[in-house]
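What follows is calculated from the coordinates using simple rules that are stated; it is not laboratory data. Being a predicted model, the structure only gives us computed values, none of them experimental. Heads up, the Cβs are rebuilt from the backbone with ideal geometry, glycines too, and the neighbour counts pull from every protein chain shown.
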Amino acid sequence: MVGRRADHRLRSKRKGSVFVVDALTSEILNGVGSFATLAIVALGLGIVFGLMGVINLAHGEFVMVGAYVAFMVQEAGRSHWLAIPIAAIVLLLLGGMIELALIRRIYQRPELTILATFGLSIVLRQLAELIFTKDFRSVVNPVPGATPALGVLYPTYRFVLIAVAVTVVVVTLLTFTRSQFGLTVQAIVADRELAESAGIRTSVVNSLAFGIGAATAGVAGALVAPLGAVEPQIGLTYLPGAFLVVIVGGVSRLWGVVLGAGIVAAVQTGAIHFADAVLAQIVSLLLAVVVLQFGRSSRSGLVA
Amino acid sequence: MRLQATGLEAGYGAVPALHGVSVSVEQGEIVAIVGRNGVGKTTLIKALMGLLPATSGSVRLGGNDVTRWPPSRRVRAGLRAVYQERAVFSELTVRDNLRLNGLDASAQADVLEMFPDSLIGRDQQRAGTLSGGEQKMLASGCALRAGASILVMDEPTEGLQPSNVDLLGKHLSQARDDGLGVILVEQHLALATSLATRFVVLEKGEVVASGHADEPDIHERIATHLVI
């Protein structure tokens, strides 16, 4: 093992300093980055499933829209940092409108929400192809270079991604657990009819919660845009992982999504370190199967 | 303000439970809805609040036709409810229940003080850990302090100790005198007769008798319909 790790050791020079690039440390940092990305993408999925019981198969496309927002902001000559709040606002509005026009009509039919959001995902991808074509677009990394940390050099932008994603996740969690809005959401989850009878406009809260779920995905899309190609299929990369997180962490408590992201990221990072990416996917799926088979009996209902 | 149901029909799926029920209440009066179990009293409360859609007839509140309004809109128009089952958010704390009903700090304290032996000092407790009667007291207190003009209540004394039944009766009487209109579904006939200004008797989803509390034979007429 020591020999294997020694094989992975590399040396690099930056501003005259010498850093040992340890493969394990790099993979741990990659794991933290993976955790942050999984958490922010899955959080929106968890909110929508926990509150409304809607399995949103178009959630990956919300990530895709966020990535294209980042691309368009770049094309407009604006800062990438502006793209993040713009993506949040665009997806908040888009999510709210989708809830109003489509989801609201089929709450009582869970199987229809799966079909409807699957159809919506196709429509959004086709729209992206019509507007941007299938060509790969790139968003320039706003913070190129690497930063030394824990004895390794690690891409600076990935640190920024982790910081922004964790901030968005924490703020979203606090919004849903500590604010008056969060209390109304908990009331709706507990008893929708009683919430209505207390004067809570459940339809408005639903639209807002769906919008917030979409907005977190949009922020995720804008954040990951500089890391790879922006293209209509980009959302499909993130959707399976997000579902895996929701399955492992559950939505009975929203913090469970964060826990699930941590578990999935740790398992995948470990599997990649000791084997390869294919085994990481297999282990992750096995983990989901085990959780579904032996996990908690109650997997619905969103509670802080 | 007046709550007026006219020719109201509602039910569960294809099974109708109300057949053209007409009932009304003005601010400052208490209308007791009485009848044996399963005659449609709870269905009437749900239909008045909008939890069950009216298949026919209308509900008017303060001059507005609210028949198609969702419950939350009726609440904003001045209507409140206390339900027989699921009266409070059992997974949330007593304090959260008070906040969810839109009560400010002063009104929240008022609710706890309305039933001091049962609620004071328990605001951080999960509402679901209260007894059934205590949950009813919490729900009734919230509804009475929420600033409503009309209140519909379904068996609010169920599970209450006799002393708390008297206390609730006192609060309802005070609220009526302060201008609150109440539709009261109540099995506790002694309480109903002591508070009500009018009576409506339901049988098989229909109004079979009604009258004012000051009519000399009103109690006999009610009793006739309640004898099994």
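So, by mean Cβ neighbours within 10 angstrom, what's the order for A:74-85, A:37-48 with the highest one leading?
Those peptides, ordered most packed to least, come out A:37-48, A:74-85.
Return the Cα extents of chain B along principal axes one, two and three, sorted largest first, each rounded to a whole Å.
Result, largest extent first: 45, 37, 31 Å.
Would you mind getting me the FRET efficiency between B:Asp217 and B:Gln161? Use the beta-carbon distance for r and R0 = 35 Å, nearest 0.05. Display every interim value, and only then the final one.
On the way: r = 33 Å, r/R0 = 0.94.
The pair B:Asp217/B:Gln161 has a calculated efficiency of 0.60.
Per residue of B:69-78, what is the mean number of Cβ atoms on other protein chains within 10 angstrom of that residue's Cβ?
Values: counts 0, 4, 11, 11, 3, 3, 6, 2, 0, 0.
Across B:69-78, the average partner-chain Cβ count within 10 Å equals 4.
Taking θ as phi - 60°, what are the ³J(HN,Hα) couplings along region B:121-132 by the Karplus curve (6.51, -1.76, 1.60), each to the nearest whole Hz, with x for Gly and Pro?
x, 10, 5, 8, 7, 5, 4, x, 8, 6, 5, x
Return the Rg/Rh ratio of chain A with Cα-based radii and a Kirkwood Rh. Intermediate results must be reported in sequence, preceding the final value.
Working: Rg = 20.0 Å, Rh = 20.1 Å.
Rg/Rh for chain A comes to 1.00.
Under the rule of at least 5 residues apart or a separate chain, name every residue whose amide H is placed under 5 Å from the amide H of B:Glu203.
Long-range HN contacts for B:Glu203: B:Val208.
Can you pull the Rg over Rh of region B:96-141, Cα-only, Kirkwood? Write out the running numbers ahead of the final one.
Details: Rg = 9.5 Å, Rh = 10.5 Å.
Rg/Rh for region B:96-141 comes to 0.90.
Can you run phi through the Karplus equation (6.51, -1.76, 1.60; θ = phi - 60°) for region B:5-14 and list ³J(HN,Hα) in whole Hz, with x for Gly and Pro?
9, 10, x, 6, 10, 7, x, 10, x, 8
Within a 10 angstrom radius of the beta carbon, how do A:Glu99, B:Glu113 rank from fewest other beta carbons to most?
Details: A:Glu99 24, B:Glu113 11.
In order of increasing Cβ crowding within 10 Å: B:Glu113, A:Glu99.
Any idea what log10 I(q)/I(0) is at q = 0.15, 0.25, 0.30, 0.35 Å⁻¹ for region B:34-73, Debye with uniform C-alpha scatterers and no solvent?
-0.37, -0.83, -1.03, -1.22
Any idea what the relative contact order of region A:2-245 is, in percent, if you count C-alpha pairs under 8 Å spaced at least 6 apart?
Details: 356 pairs, mean separation 98.7, N = 244.
Relative contact order comes out at 40 percent.
Out of all DSSP beta bridges with both ends in the protein assembly as shown, state the antiparallel percent to the nearest 5. Display every interim value, and only then the final one.
Numbers: 32 of 50 bridges.
Rounded to the nearest five, the antiparallel share is 65 percent.
Sequence-distant or interchain residues sharing an amide H contact under 5 Å with B:Ile183, placed H: which?
B:Val31, B:Leu151, B:Val152, B:Met153
If you bin the C-alpha pair distances of region B:108-212 every 5 Å from 0, what whole percents do you get?
2, 11, 23, 24, 18, 12, 6, 3, 1, 0
Working from the alpha-carbon coordinates of the protein assembly as shown, get Rg over Rh, Rh being the Kirkwood radius. The partial results should precede the final answer.
Numbers: Rg = 29.3 Å, Rh = 26.4 Å.
Rg/Rh for the protein assembly as shown comes to 1.11.
Quickly rank A:241-254, B:76-89 as a protection proxy: mean count of other C-beta atoms within 10 Å, highest first. It would help to have the intermediate numbers written out before the result.
Values: A:241-254: 23.5, B:76-89: 22.0.
Peptide ranking by packing, descending: A:241-254, B:76-89.
Please identify which residues in region A:42-63 have an amide N closer than 11 Å to a label point set 7 Å out from the Cα of A:Leu285, following the Cα→Cβ vector.
none
Convert each backbone phi in region A:244-255 into a coupling constant with the Karplus relation 6.51 cos²θ - 1.76 cosθ + 1.60 (shift: θ = phi - 60°), then list the ³J(HN,Hα) values in order as whole Hz, x for Gly and Pro.
Karplus-based 3J(HN,Hα) across region A:244-255 equals 4, 4, 5, 5, 5, x, x, 10, 5, 10, 5, 4 Hz.
So what is the diffusion coefficient of region B:65-121 in µm² per second by Stokes-Einstein at 20 °C and 1.002 mPa s, using a Kirkwood Rh over Cα pairs? Kindly include the intermediate steps, with their values, before the conclusion.
On the way: Rh = 13.1 Å.
Estimated diffusion coefficient is 164 µm²/s.
Which residues' amide hydrogens lie under 5 Å from the amide hydrogen of B:Ser56, considering only partners 5 or more residues apart or on another chain, with H built in the peptide plane?
It is B:Glu9, by chain and number.
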